[in-house]
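The block underneath contains the structure these notes are about, expressed in structure tokens.
The values are calculated or read from the model by the stated rules, or taken from the named source; none is laboratory data. Computed from a prediction, not measured in an experiment: that's the story for all the values here. Reconstructed Cβ throughout: ideal geometry from the backbone, glycine too, with neighbour counts over all protein chains shown.
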Amino acid sequence: MAVERAQTGIPGLDELIQGGIPRGASVVVAGGTGTGKSIMAMEFIYNGALQFNEPGVFVTIETNKQNLLWDMENFNWDLKKMQDNSMLKIERLKFMPGADMEQQVLEQLKIIAKLVKSINAKRLVIDSTTALGIWISDKGVLRNTLFRFLNALKEIGCTTILTAETKGHFNEFSSFGVEEFVADAVIALYLVPPNRSIFVRKMRGTKHSKRIHPLDIDTNGLTIKPKDEILWQSLR
């Protein structure tokens, strides 16, 4: 039985992952600062609405909504039109420092579920899971909370991208060592000036590329070169 897939619409990416992300899967997009994680996540949402008539919800934990929109003004994406047409919702999750973080996370999940239901969203972004570490200092509690959070997101039913900040090392695929094991897929982005690159670490139910591929970012978003390869040694 063929796996139903959500095409990303990102030039070159679907060629690496057998035509798209398995429908309903959770994907961690990991990378260091400036690698293009949030851009890739927003492009996934935008393309879903524009090309495939699939509404999407973009949840930010680190950046307020207005700053996110300012950041995305560099691209040829009419996000306002998508919002006006109920094809896109952008929301910032807010946490109270010092309060019961596990309980707060569960409450925020209810908010996310309501946002998804309000526009019948098929795609969801959480940007980023790393920010949870700001409010949860105990690593054990953090990992447990993150584990529950990621599993609960799967029950919402969207094809989901979660961004995760790393130190940029070539063999780092999550912020806390939890996300990559709970998620169905992991995609790593790298920036070793002047080169950008992408690597599909894993994707369940998918015959994906095992190579590192060049990546460009311009005003249209990301473009991946599926026929070209970058050697591991260049990332060290």
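Counting only helices (runs of 4 or more DSSP H) that fall entirely inside the range 120-196 and contain at least 3 residues that are farther than 12 Å from S26 by Cβ, the qualifying elements are 132-135, 139-156.
How many residues are surrounded by fewer than 18 Cβ atoms within 10 Å (Cβ to Cβ) and either in contact with a Lys or Arg (Cβ under 6 Å, 6 or more places away or on another chain) or assigned to a loop (DSSP other than H, G, I, E, B) (or both) when one looks only at the range 10-49? Final tally of qualifying residues: 8.
Take the conditions farther than 12 Å from L189 by Cα and either hydroxyl-bearing (S, T, Y) or without any contact (Cβ under 8 Å) to a residue 24 or more places away in the chain (or both) and apply them to E4. Does it pass?
Considered against the rule, which asks whether it is farther than 12 Å from L189 by Cα and either hydroxyl-bearing (S, T, Y) or without any contact (Cβ under 8 Å) to a residue 24 or more places away in the chain (or both), E4 comes out as yes.
Taking the listed residues I187, I230, the one that is modelled with pLDDT of 80 or more and closer than 23 Å to E4 by Cβ is I187, with no other qualifying.
Go through the range 116-133 and give me each residue that's touching a strand residue (DSSP E or B) at 6+ places or on another chain (Cβ under 8 Å) and closer than 20 Å to A6 by Cα.
Residues of the range 116-133 touching a strand residue (DSSP E or B) at 6+ places or on another chain (Cβ under 8 Å): 116, 118-119, 121-130.
Within the range 116-133, V116, I119, A121, K122, R123, L124, V125, I126, D127 qualify.
Among the residues of the range 192-217, write down those that are at pLDDT 95 or above and of a type in the set (A, V, I, L, M, F, W, C). Within the range 192-217, I198, F199, V200, M203, I212, L215, I217 meet the criteria.
Scanning the range 58-106 for residues that are without any contact (Cβ under 8 Å) to a residue 12 or more places away in the chain, surrounded by fewer than 13 Cβ atoms within 10 Å (Cβ to Cβ) and part of a helix (DSSP H, G or I) yields Q66, N67, W70, K80, K81, D84, Q103.
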